[in-house]
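Colleague: Pasting a structure below so you can have a look.
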Amino acid sequence: MKRCVILISGRGSNMQALLRAQLPLEVAAVVSNDARAPGLAIARAAGVPTAAIDHRAFAGREAFDARLADEIERFAPDLVVLAGFMRILGQAFVQRFAGKLINIHPSLLPAFPGLHTHRRALEAGVRVHGCTVHFVTAEVDHGPIIIQAAIAVLPQDDEASLAARVLEQEHRIYPQALAWLARGQVRLNAHGRVDFPHPRNAPALIAPALDA
Ligand code: GAR
């Protein structure tokens, strides 16, 4: 069975969704850059080894990244899964785990990379918003996309309601993406795109809905 290490910074609800999904993937460890991250207790309660490496204890990004990479490599993972990991990882780290590093982002990339995605989606007036699972490359929030979920933005939505509905979808698509990766059913091709051996279709989401 393939092994993964999950990196978190806080709540850990995506990590929890991955643990609950009973994937054909061993979660070898959960590592946080913050010892107070509530997700660490959830992981421990599930019997998963945890570690915390406080980024504030390091002089710069490169030193933190190097220490983090060494900690991850102790578990010899096939996949390194960012699940609400809120530190930007430098080029050396990304190269060290190239092709193994996966992230979930709360927008339909390439729209709204970075922070405050739900607020920015509301400000932009988009009708459709969502989340993306992608391979990580040196450019932040821009790697090859594995799966996305789209939801309709409703007139009464605020940042919290939108975040909650997107999070529900995050908890569906991250386990799916990792199941495909664990079973070797998706891979990066030579053009830096994600190939599916058996292409899958999905119905369109149109928002607001067309007249019946
Ligand atoms: C999730 O919405 C995740 O997509 C986002 O942080 C949240 C973490 O929640 N990640 C990013 O914004 C990364 N750029 P969780 O700790 O409950 O999984």
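Colleague: How many residues does the range 1-16 hold that are of a type in the set (A, V, I, L, M, F, W, C), within 11 Å of the ligand (Cβ to nearest atom) and surrounded by fewer than 20 Cβ atoms within 10 Å (Cβ to Cβ)? Steps first, answer last, please.
Modeller: Restricting attention to the range 1-16, the residues satisfying the condition of being of a type in the set (A, V, I, L, M, F, W, C) are 1, 4-8, 15.
Narrowing the set further to residues that are within 11 Å of the ligand (Cβ to nearest atom) leaves 6-8, 15.
Within this subset, residues satisfying the condition of being surrounded by fewer than 20 Cβ atoms within 10 Å (Cβ to Cβ) are none.
Adding up the residues that qualify gives 0.
Colleague: Also: Which one is farthest from the ligand (Cβ to nearest atom) among residues in the range 99-108 that are over 12 Å from the mean Cα position of the chain (by Cα) and touching a residue at least 24 places away in the same chain (Cβ under 8 Å)? Spell out the reasoning first.
Modeller: To start, the set of residues in the range 99-108 that are over 12 Å from the mean Cα position of the chain (by Cα) comprises 99-100, 108.
Filter again for touching a residue at least 24 places away in the same chain (Cβ under 8 Å), leaving 99, 108.
Numbers: Gly99: 20, Leu108: 12 Å.
Here the residue is Gly99.
Colleague: Still on this structure, I have one more. Filter the range 58-75 down to the residues that are small (Gly, Ala, Ser) and either under 22 Å from Gly12 (Cα atoms) or touching a Cys at 6+ places or on another chain (Cβ under 7 Å) (or both) and list them by number.
Modeller: Matches in the range 58-75: Ala69 only.
Colleague: Take the residues in the range 19-39 that are part of a helix (DSSP H, G or I) and farther than 21 Å from Arg74 by Cα; name whichever of them is farthest from the ligand (Cβ to nearest atom).
Modeller: So the residue we want is Arg20.
Colleague: Same structure, new question: Can you pull out the residues in the range 171-191 that are under 21 Å from Pro77 (Cβ atoms) and within 11 Å of the ligand (Cβ to nearest atom)?
Modeller: Answer for the range 171-191, where residues must be under 21 Å from Pro77 (Cβ atoms) and within 11 Å of the ligand (Cβ to nearest atom): Ile173, Tyr174.
Colleague: Let me ask another. Counting only residues that are outside any loop (DSSP other than H, G, I, E, B) and charged (D, E, K, R), which one in the range 176-202 is nearest to Phe135 (Cα to Cα)? Even if it seems obvious, please write down each step before you answer.
Modeller: Initially, the range 176-202 is screened for residues outside any loop (DSSP other than H, G, I, E, B), giving 176-182, 187-188, 194-195.
Going one step further and asking which of them are charged (D, E, K, R), we end up with 187, 195.
Working: Arg187: 10, Asp195: 12 Å.
Here the residue is Arg187.
Colleague: Can you report the number of residues in the range 136-175 which are touching a Phe, Trp or Tyr at 6+ places or on another chain (Cβ under 8 Å) and either part of a helix (DSSP H, G or I) or modelled with pLDDT under 95 (or both)?
Modeller: 0
Colleague: So, one more: Tell me, which residue of the range 47-91 that is β-branched (Val, Ile, Thr) and in a loop (DSSP other than H, G, I, E, B) is farthest from the ligand (Cβ to nearest atom)?
Modeller: Result: Ile53.
Colleague: Give me the pairs: first residue in the range 112-136 and over 22 Å from Ala177 (Cβ atoms) and touching a residue at least 24 places away in the same chain (Cβ under 8 Å), second residue away from the ligand (no atom under 14 Å from the Cβ) and outside any loop (DSSP other than H, G, I, E, B), beta-carbon distance under 9 Å, and six or more apart or on different chains, which are they?
Modeller: These pairs meet every condition: Arg127/Ala152.
Colleague: Looking at the range 46-98 only, could you name the residues that are buried (at least 18 other Cβ atoms within 10 Å of the Cβ) and at positive phi?
Modeller: Gly84
The values are calculated or read from the model by the stated rules, or taken from the named source; none is laboratory data. For clarity, every value in this text was computed on a predicted model and none was experimentally measured. Here Cβ is always computed from backbone atoms with ideal geometry, including for glycine, and neighbour counts include all displayed protein chains.
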